[in-house]
Amino acid sequence: MPLALLALAVGAFGIGTTEFVMMGLLPDVADDLHISIPGAGHLVSAYALGVVIGAPLLAAVTARMSRRTVLIALMALFVVGNALSALAPGNGSLLAARFLSGLPHGAFFGVGAVVATAMVPPERKARSVSLMFLGLTVANVAGVPAATLMGQHLGWRATFLAVSAIGLAAIASLALLVPHDKEHAAASAGLRGELAALKSVPVWLALGTTVAGFGALFAAYSYITPMLTGAAGYAETSVTLLLALFGVGATAGNLLGGRLADHSLRGTLFGGLASLAAVLAVFPLLMRAEWSAALAVTLLGMAAFVTGSPLQLMVMEKAAAAPSLASSANQAAFNLANAGGAWIGGVALAAGFGATSPALAGAVLAVLGLGVASVAYAVDRRRETPSAGRVVTSHLPEESGALHH
């Protein structure tokens, strides 16, 4: 695999760390800025809002630029946002800095996925995407715990300065390892062409599958702590280690999904969603003992992230003429899934259905994701029906020759 994928993974590691570390630092931030914990929780929402707005917007306005230049610029914006977070004098300025930090998130993964697939043969495209996402899953295993520990001992501002340093390392890696792509800039479909990609029904069905599938994950994962402490009997001090197990499962699932999707993209997607539904359906049973609860957390990460690369690649395939915007929009869909899944899980919990009820709500969402994926498959089959003696298929554009040193 090209070394440039390492540069993309470094950027993904920094983004994954800053996205999730705020959850662990909320008490420290709230105490330092003299605000409530729920008030500090708005800092998480501000970042997610930045992702949802920035993903399609930045991908669209940079459509004619060199993708290498775009990746470096996005990471520079990431560094600025995190540095401003470290220097923020109050809650209002920190909210603005967190929003700014979130803006490049989706576009980086979206454009990065297009660059990753352009550097490898067609039969290794999903694997290349999974290697970029490896930085995101490893962040949950190592980056977030380390950054949280740093924030608790050196102050939360030191954490965001450290994340900025990771961003600078990513910029250096991107500049050194990612090849130039001047031909892309000249041949790009531009803003109009990128926007036209979003008129496709298959693209929207693919994005809908992402919202439902990852909504299933976040319906359960958002309330994993009360499930582990209230149902499985773990002490709160053990939760951090268990969340690292989730990261281990997510890393394994991500790599497995990339490898399998290169053999059967659709089969991997269906298998992953079915596995996710099954894991969530048996969550209440697995939460009855500590050992099985630890297994459940690991399996949840694995089943959810098996679908990551196939979903990203499917969106790009359905918008083959202009994949950057659609690929970035998939990251916005992921964050909508985060917010929507958490809300649905919270409704189940507030209704008094028990500590593990968010997992069952997630199982329903996973089944819904399977339904949307099935509709997408049926639409594809209709479009591929022989007409006038030939079959029409859609594939990602072959861009491997468009990137060169």
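The values are calculated or read from the model by the stated rules, or taken from the named source; none is laboratory data. A quick note: this is a predicted structure, and the numbers were derived from the prediction, not measured. All Cβ positions, even for glycine, are placed from backbone atoms using ideal geometry, and neighbour counts span all protein chains on display. Remember, those area values only see protein heavy atoms, side chains included, never the ligands or the DNA or RNA. Shrake-Rupley method; radii C 1.70, N 1.55, O 1.52, S 1.80 Å.
General observations
- Residue that is assigned to a helix (DSSP H, G or I), open to solvent by 10 Å² or more (accessible area, probe 1.4 Å) and either of a type outside the set (Gly, Ala, Ser) or touching a residue at least 60 places away in the same chain (Cβ under 8 Å) (or both), where the choices are LEU77, LEU94: LEU77
Rundown of residues vs (1) outside any helix (DSSP H, G or I); (2) hydrophobic (A, V, I, L, M, F, W, C), yes/no style:
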site: VAL239; (1), (2): no, yes
site: ALA244; (1), (2): no, yes
site: THR251; (1), (2): no, no
site: LEU255; (1), (2): no, yes
site: LEU260; (1), (2): no, yes
site: HIS263; (1), (2): yes, no
site: LEU273; (1), (2): no, yes
site: PRO284; (1), (2): no, no
site: ALA293; (1), (2): no, yes
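- Residue check, THR385 open to solvent by 10 Å² or more (accessible area, probe 1.4 Å), over 29 Å from GLY110 (Cβ atoms) and either modelled with pLDDT under 85 or in contact with a Lys or Arg (Cβ under 6 Å, 6 or more places away or on another chain) (or both): yes
- Scanning the stretch 147-165 for residues that are touching a residue at least 12 places away in the same chain (Cβ under 8 Å) and surrounded by fewer than 24 Cβ atoms within 10 Å (Cβ to Cβ) yields THR148, MET150, GLY151, GLN152, GLY155, ARG157, ALA158, LEU161, ALA162, SER164.
- Any hit, the stretch 107-114, residues being in contact with a Gly (Cβ under 9 Å, 6 or more places away or on another chain) and not aromatic (Phe, Trp, Tyr): yes
- Every pair of residues 6+ apart whose Cβ atoms lie under 8 Å, when the first sits in the stretch 329-350 and is without any contact (Cβ under 8 Å) to a residue 24 or more places away in the chain while the second is assigned to a helix (DSSP H, G or I): VAL347/ALA361
- Criterion applied to THR298, THR251, THR268 was being in contact with a Ser or Thr (Cβ under 7 Å, 6 or more places away or on another chain), in contact (Cβ under 8 Å) with a residue 40 or more places away in the chain, buried (at least 19 other Cβ atoms within 10 Å of the Cβ) and among the hydroxyl-bearing types (Ser, Thr, Tyr), and the one residue passing it is THR251.
- Number of residues in the stretch 9-59 that are assigned to a helix (DSSP H, G or I), open to solvent by 10 Å² or more (accessible area, probe 1.4 Å) and of a type outside the set (S, T, N, Q): the value is 27.
- Only listed residue being outside any loop (DSSP other than H, G, I, E, B) and either open to solvent by 50 Å² or more (accessible area, probe 1.4 Å) or at pLDDT below 85 (or both), chosen from ALA220, ALA186, ALA212: ALA186
- The one condition from (1) outside any helix (DSSP H, G or I); (2) touching a residue at least 60 places away in the same chain (Cβ under 8 Å); (3) surrounded by fewer than 21 Cβ atoms within 10 Å (Cβ to Cβ) that ARG288 does not meet is (2).
- Matching residues, the stretch 116-140, being surrounded by fewer than 20 Cβ atoms within 10 Å (Cβ to Cβ), in a helix (DSSP H, G or I) and not acidic (Asp, Glu): PRO122, ARG124
- Criterion violated by MET65 - all others in (1) of a type outside the set (D, E, K, R); (2) farther than 22 Å from ASN335 by Cβ; (3) open to solvent by 40 Å² or more (accessible area, probe 1.4 Å); (4) assigned to a helix (DSSP H, G or I) satisfied: (4)
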